[in-house]
Amino acid sequence: MAMVPAAAYFVYLFVTGNPTQRVGKLYSMMAKGMAGGEDVSAFDKIFTTVKGNDQHNAYDGDVANKFYNLASEFYEYGWGDSFHFGYRKKGEPHSLSIANSQNFVARKLQVGDMDSVLDMGCGIGGPLRGVVRATGANVTGITINAYQVQRAKEITSRLAPYMQERCHYIVQDYLNVQGLEDASYDAAFYMESSLHCEDRTKTFKEAYRLLKPGGRLVAMEYNLLPGWNSSDPLHADLMAKHLHGNGAAKTPTIEEDLEMIRASGFEVREHFDLMAMGPDIYGEEAFPWWGDLQFNLEFSLLPAHPWVRGPLPTILKGLSALGIIPDDVPKAAALMNEGGDGLSGLGKVGAITPQYYVLGVKPLK
């Protein structure tokens, strides 16, 4: 009998989850397929030459757009409306990991009510809305993916007028931003979004151009850690899975990333691995940033748990064989699993961080 309430609890978690996270997102994909009619097989070909930490063979912006046509609804179903990681204590909900990272970014931006802020790579707007709630800033989110802008606007349309007045989303390539006034923003941030470009200097230069003198850049960066070993076959395999399954470009070291920020014109004022704060604060009670994607007994984020996401592609493949859902849905589910396994595996062996924090400031002169 004890299994009945436990099963009911898991069903509750599965159906509710984070804000905007509902099984309905999965049903939606099953019915209509991928956003933009994206083709998984065509996406796969971009990464055929990637072995270990190699660069793919296409334009970074195109890859990011294709990837988010495939991933956005799966991410929202499995992770919520904020496509990033964070730190928390064991036993605390996944949502606290998200809030901890967003509140950290909000503090470091040092902006107030109606200050102008850019979110460079905004996804469906979860971090943007978190920053607005924390600061009252007027934030414009940039993403190359039209579906993400549509979805971000849908979510925001159900919020209070205060939020609607401050949350804005536009389709732009953050490697070449058009139509925004130079030197007109007080701050800008990247919430794990620069992983999609190999030469990050290109997007950092765009942020630099758009910021006012003295403007602050808060970048939460995917970087290699000292634990990365390119000669280790396990590391190489995990990295290839991460890059393919997350539509990512070649991952830089910390020093390489810092140099790209400096080369774009910024003065680097502060930098450290935010994901190390969990162990620093909680010690052995810290829940690892990659923990929700690996086997765990917390069940805080059930759709992302290997017991749930692992068999999902097989289940969907059966439905596809019966002609009930489009063929690309199970293929996309398998791609998401590959990315989750690769990235969390790299995190587990201490090879990568998704949130190396860098504060850059545009000089006054």
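The figures follow:
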{"read-out": "Selection status of Phe295, among the hydrophobic types (A, V, I, L, M, F, W, C) and open to solvent by 60 Å² or more (accessible area, probe 1.4 Å)", "value": "yes"}
{"read-out": "Test: residue in segment 135-143 that is in contact (Cβ under 8 Å) with a residue 60 or more places away in the chain and either of a type outside the set (Lys, Arg) or touching a Ser or Thr at 6+ places or on another chain (Cβ under 6 Å) (or both)", "value": "yes"}
{"read-out": "Enumeration of residues in segment 152-171 that are open to solvent by 30 Å² or more (accessible area, probe 1.4 Å) and either assigned to a loop (DSSP other than H, G, I, E, B) or within 17 Å of Leu109 (Cβ to Cβ) (or both)", "value": "Arg158, Leu159, Ala160, His168"}
{"read-out": "Matching residues, segment 336-346, being among the small types (Gly, Ala, Ser) and in contact (Cβ under 8 Å) with a residue 60 or more places away in the chain", "value": "Gly339, Gly340, Gly342, Gly345"}
{"read-out": "Leading residue by the ranking (surrounded by the most Cβ atoms within 10 Å (Cβ to Cβ)) among those in segment 192-235 that are closer than 16 Å to Tyr356 by Cα and of a type in the set (Gly, Ala, Ser)", "value": "Ala219"}
{"read-out": "Within segment 187-241, considering residues that are among the charged types (D, E, K, R) and in a strand (DSSP E or B), the one nearest to Asn100 (Cα to Cα)", "value": "Glu221"}
{"read-out": "Sole residue being aliphatic (A, V, I, L, M), part of a helix (DSSP H, G or I) and in contact with a helix residue (DSSP H, G or I) (Cβ under 8 Å, 6 or more places away or on another chain), chosen from Leu359, Leu335", "value": "Leu335"}
{"read-out": "Residue count for segment 236-255, restricted to those that are surrounded by fewer than 21 Cβ atoms within 10 Å (Cβ to Cβ) and over 20 Å from Asp62 (Cα atoms)", "value": "5"}
{"read-out": "Count of residues meeting criterion [more than 11 Å from Met30 (Cβ to Cβ), in contact (Cβ under 8 Å) with a residue 24 or more places away in the chain and in contact with a Ser or Thr (Cβ under 7 Å, 6 or more places away or on another chain)] in segment 295-330", "value": "0"}
{"read-out": "Unique match (being touching a residue at least 12 places away in the same chain (Cβ under 8 Å) and in contact with a strand residue (DSSP E or B) (Cβ under 7 Å, 6 or more places away or on another chain)) among Ala351, Ala333", "value": "Ala351"}
{"read-out": "2 or more residues closer than 23 Å to Val349 by Cα: qualifying helices (runs of 4 or more DSSP H) within segment 264-324", "value": "277-282, 306-309"}
{"read-out": "Qualifying residues in segment 314-365 (those that are over 24 Å from the mean Cα position of the chain (by Cα) and closer than 30 Å to Glu256 by Cβ) - the one surrounded by the fewest Cβ atoms within 10 Å (Cβ to Cβ)", "value": "Lys365"}
{"read-out": "Residue satisfying condition, being closer than 16 Å to Leu210 by Cα and more than 19 Å from the chain's Cα centre (by Cα), within set Ser116, Ser157", "value": "Ser116"}
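Every residue, every condition in (1) at pLDDT 95 or above; (2) of a type in the set (Val, Ile, Thr); (3) within 23 Å of Thr251 (Cα to Cα), yes or no:
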| residue | (1), (2), (3) |
| --- | --- |
| Val15 | no, yes, no |
| Ser28 | no, no, no |
| Lys45 | yes, no, yes |
| Asp54 | yes, no, yes |
| Glu73 | no, no, no |
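Conditions tested, residue by residue: (1) over 24 Å from Met34 (Cα atoms); (2) not aliphatic (A, V, I, L, M).
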| residue | (1), (2) |
| --- | --- |
| Leu293 | no, no |
| Ser300 | yes, yes |
| Gly310 | no, yes |
| Ala334 | no, no |
| Val349 | yes, no |
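Per-residue answers, yes or no, for (1) closer than 19 Å to Gln110 by Cα; (2) free of Cβ contacts under 8 Å to residues at least 12 places away in the same chain; (3) of a type in the set (A, V, I, L, M):
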position	(1), (2), (3)
Ala183	yes, no, yes
Cys197	no, no, no
Arg200	no, no, no
Leu211	yes, no, yes
Gly214	yes, no, no
Asn223	no, no, no
Ser230	no, no, no
Leu234	no, no, yes
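The values are calculated or read from the model by the stated rules, or taken from the named source; none is laboratory data. Values in this document were obtained by computation on a predicted structure and should not be read as measured data. Methodologically, a virtual Cβ is constructed for each residue, glycine included, from the backbone with ideal geometry; neighbour enumeration extends over all protein chains shown. Heads up: the accessible areas ignore ligands, DNA and RNA and are worked out on the full protein's heavy atoms, side chains in. Shrake-Rupley method; radii C 1.70, N 1.55, O 1.52, S 1.80 Å.
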